[in-house]
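Participant: Take this structure, written in structure tokens, and hold onto it; I'll ask about it next.
Read-outs: derived from the displayed coordinates by stated rules, not from any lab. Note that the coordinates shown come from a computational prediction; the quantities given were computed from them, not determined experimentally. No Cβ is skipped: glycine too gets one built from the backbone with ideal geometry, and neighbour counts run over all protein chains shown.
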Amino acid sequence: MCKRSSLFVVSFLCFASAASAGAIEYQVSVDTSGISGTPGSLDFQFNPGALVTQAASLQILNFSSDGSLAGSPAPTGDVSGALPAALTFDNGTVYNDYFEGFTFGTNLFFDVSLYGPALSSPDGTSTSGSTFAFSMFSDSAGTIPALTTDTVDGFAVTVDVNLAGTTTAASLSDQTAIEQVSSTPEPGSMAEMALAVGLWITFRLRQQRRQQAASF
């Protein structure tokens, strides 16, 4: 009975540990006052690397701006949703992109939430990570990068999902700031962990008492 109880506790601990890895979240803010009034476009993409890539997902949340979305969005690959509501990306296909026309105002804000096995439980066998990239263009066709020093790809912000389950963010724009705001376990998961640890301690104490009693 004690052995089975111990196995139960160990299993529960493993489950709780896996569940405790919450999403990694970033806040992105852009000063677009320099191109305010310009009819342009926005582009979001989340793509796997060229080699073996573990599954990961990403959401764009809390999109807001005093600019205005224009026209119909053009999603490609594993993308669902439409701005200003949440966008959800998976890295299951080679190219996952969301493109939409946008008339710039003076500011732009959104959150980036990354989650999935590649972040919560890296497999140790994958050989490529994944990359999120955000771009702005001063034309509706998406050919003239705006507010970025990256004139090749036009990226203003990138977030790499590394093989170890960590992330690395970079800004290629003097007008764009990105800040990590969360990488901690969710409250419910923390409660599960505390309960599991309490159960393990209780069973261990009972086992020790039985062993001491049997020795007399």
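Participant: What are the residues whose amide H is under 5 Å from the amide H of Thr38, where those residues sit 5 or more places off or on another chain and H is modelled from the backbone?
Facilitator: Result for Thr38 returns Phe104.
Participant: Note down the net charge around Asp90, summing +1 for each Lys or Arg and -1 for each Asp or Glu among other residues with Cβ under 13 Å from its Cβ.
Facilitator: -2
Participant: Right, another one. Sorted from fewest to most neighbouring beta carbons within 10 Å, what does the list Phe99, Phe44 look like?
Facilitator: Ordered from fewest to most neighbouring Cβ atoms within 10 Å, Phe99, Phe44 come out as Phe99, Phe44.
Participant: What shape does segment 34-152 take by its C-alpha gyration tensor, where a ≥ b ≥ c are the square roots of the eigenvalues and a/c under 1.5 counts as rounded, a/b above b/c as prolate, and the rest as oblate?
Facilitator: Values: a/c = 2.30, a/b = 1.91, b/c = 1.21.
In terms of gyration-tensor shape, prolate.
Participant: Can you tell me the dipole magnitude for segment 23-184 around its Cα centre, using point charges on the Cβ only (Lys, Arg +1; Asp, Glu -1), in Debye to the nearest 20?
Facilitator: Once rounded to the nearest 20, the dipole reads 120 debye.
Participant: Here's something else I'd like to know. Separation between the Ser33 and Val181 pseudo-spin-labels, each 7 Å from Cα along Cα→Cβ, expressed in nm?
Facilitator: 2.2 nm
Participant: Another question, then. So what is the relative contact order for segment 33-160, in percent, with contacts set as C-alpha pairs under 8 Å and at least six apart?
Facilitator: Over segment 33-160, the number comes to 36 percent.
Participant: Let a ≥ b ≥ c be the square roots of the eigenvalues of the Cα gyration tensor of segment 59-122; is it rounded (a/c under 1.5), or, if not, prolate (a/b larger than b/c) or oblate?
Facilitator: On the way: a/c = 3.17, a/b = 1.64, b/c = 1.93.
Cα axes put segment 59-122 in the oblate bin.
Participant: What's the extension gain from Phe109 to Gln208 if we count 0.36 nm per residue and subtract their Cα-Cα distance?
Facilitator: 30.0 nm
Participant: Taking amide H positions as placed in the peptide plane 1.01 Å from N, state which residues far from Thr167 in sequence (5 or more) or on other chains have amide H under 5 Å from it.
Facilitator: Under 5 Å from the amide H of Thr167: Asn162.
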